[in-house]
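This report concerns only the one structure given below.
Only the coordinates and a few stated rules stand behind these numbers; no lab work does. All values derive from a computational prediction rather than experimental measurement. All Cβ positions, even for glycine, are placed from backbone atoms using ideal geometry, and neighbour counts span all protein chains on display.
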Amino acid sequence: MSLRIDRLLYKKEKSLWTRIYLFPLFLLSIPYRWAVQVRVFFYEAGLSKTRHLPCPVISVGNITVGGTGKTPLVMLLARGLKERGITISILSRGYMRKQSSDSLVSDGQNVFLSTEAAGDEPYLMANALKGVPILVGKDRFINGQMALERFGVRGLLLDDGYQHLQLHRDLNILLIDSNVGFGGDHLLPRGVLREPLSHLRRADLLVLTKVEEPRTSLPLERRLHEIHRQARVFHSHYEPIALVNPRGEREDLQVLRGKKVLALSGIANPDYFSFLLKRCGMEIGREAIFPDHHFYTKQDLASIEEKGKGMDRVVTTEKDMLKLQRLSIAHLPIQALRVEMKIWEEEEFFKRIMQLFAGKEEEKG
């Protein structure tokens with residue numbers, strides 16, 4: 001039921017029945033708005049303390065609930081900065097991880113925590129990013145100090161950090177799903193906004209995701225500029241690059257062209273995942289959709305096996321594949337679709353990022 005309501009809230013145009021159905025949630029969104037605005041005011045007025053770390057801190061976040069591509073962009077930044085000679089560490093909250101006193105997910109070479117203890121996104125990043133230490137926990141200031149002292153990194157990336165006002169950031173990157181925008185512009189729980197749209201002004205860079213062609217997002221860009229005239233808008237899309245089996249072996253996308261597959265996902269936007277599979281030439285025979293951040297059980301696996309009958313292959317996301325590997329899936333004809341985020345204006349984007357590091361070094365000099 002929660003997943004169906006989530007999809008309902010994301011719709012821009014809502015019927016009269018839907019508006020009536022969601023009216024009680026609208027009433028609840030009023031005190032939520034007040035609470036958010038008071039919290040932000042306290043930080044902006046200096047009544048709540050914001051702590052500083054002695055290195056560039058870049059936040060990647062969003063203003064809506066659900067998957068806008070925060071983790072893929074953090075991974076893109078980590079790889080891009082590493083290629084440019086900048087050592088960084090990633091600090092994540094570790095959403096929905098099991099309680100653990102351990103904060104070090106990876107030292108850049110070894111992964112120390114399970115997906116349950118780390119949270120699925122940090123665990124995915126730890127397996128994908130070599131040479132990038134990853135830490136999880138609510139206190140990102142303490143974890144940032146640990147990263148600086150133990151690994152000597154030059155910068156820090158906050159995964160899902162837009163609302164983490166306790167830590168000063170030198171650059172705020174805000175992601176917006178170009179297919180969804182802001183739903184119906186309502187705050188939680190009536191809509192999908194975490195904060196009022198006026199809070200977009202805290203962002204330094206805006207990145208529109210799922211943009212297959214930059215000019216198609218012009219109406220949304222015009223609206224963004226009405227709210228935040230100074231922000232630079234970039235465009236990104238997802239590029240499928242390979243299929244990966246549970247052993248980590250890659251296979252060309254062409255092998256499933258024209259094949260009937262079961263699209264399996266436990267993510268915020270399963271429709272877009274199915275869209276990517278179709279774009280790769282696969283035929284969606286059935287879908288097995290689970291809630292975002294879902295931890296799979298043996299019962300789930302039995303259901304997946306049943307739905308997969310008659311399919312040429314089960315195709316899932318890399319995040320879901322890692323969680324499924326807790327179970328016995330060697331018998332299952334399953335592969336993950338590996339995708340990477342690409343920024344259309346990548347050279348200009350990283351030029352802006354590198355200016356941050358150059359500026360910090362000049363200050364120290």
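Overview of results
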read-out: Binned Cα-Cα distances of the chain, short to long, each 10 Å bin given as a whole percent; value: 5, 22, 32, 28, 11, 2, 0
read-out: Charge-dipole axis of region 239-340 as Lys and Arg at +1 and Asp and Glu at -1 on Cβ define it, positive-most pick from P291, I334, T316; value: I334
read-out: GNM result for the chain, Cα springs below 10 Å: residue of L175, L256, L47 fluctuating most strongly; value: L47
read-out: Student exercise, the chain dipole from Lys, Arg, Asp, Glu Cβ charges, in Debye to nearest 20; value: 620
read-out: Sequence-distant aspartates and glutamates (8 or more away, or on other chains) whose Cα lies within less than 14 Å of K138; value: D102, D159, D160
read-out: Within region 239-340: Cβ-based charge dipole about Cα centre, in debye rounded to nearest 20 (Lys, Arg +1; Asp, Glu -1); value: 200
read-out: Extended-chain gain in nm, criterion 0.36 nm per residue less alpha-carbon gap, W344 and R215; value: 45.3 nm
read-out: DSSP beta bridges in region 245-330 [antiparallel fraction, %, rounded to 5]; value: 0
read-out: Estimated D of region 197-343 in µm² per second, where Rh is the Kirkwood radius over Cα pairs and Stokes-Einstein applies at 37 °C, 0.692 mPa s; value: 194
read-out: Neighbour-count order for W34, W344, fewest beta carbons within 10 angstrom listed first; value: W34, W344
read-out: Among K342, K138, K210, residue whose mean-square fluctuation peaks in a GNM of the chain (springs only between Cα atoms under 10 Å); value: K138
read-out: For E149, E212, order by how many other beta-carbon atoms lie within 10 Å, fewest first; value: E149, E212
read-out: Rg/Rg_globular for region 118-164, with Rg_globular taken as 2.2 N^0.38 Å and Rg from C-alpha atoms; value: 1.12
read-out: Flagged links, alpha-carbon separation over 24 Å, of K70/K260; K278/K342; K82/K278; value: K70/K260; K82/K278
read-out: Chain lengthening between L301 and K49 when straightened (0.36 nm per residue, less Cα-Cα); value: 86.1 nm
read-out: Fluctuation leader among R223, R250, R169 - the chain, Gaussian network, Cα springs under 10 angstrom; value: R223
read-out: Per-peptide average of other Cβ atoms within 10 Å, ordering 108-117, 316-325 highest first; value: 316-325, 108-117
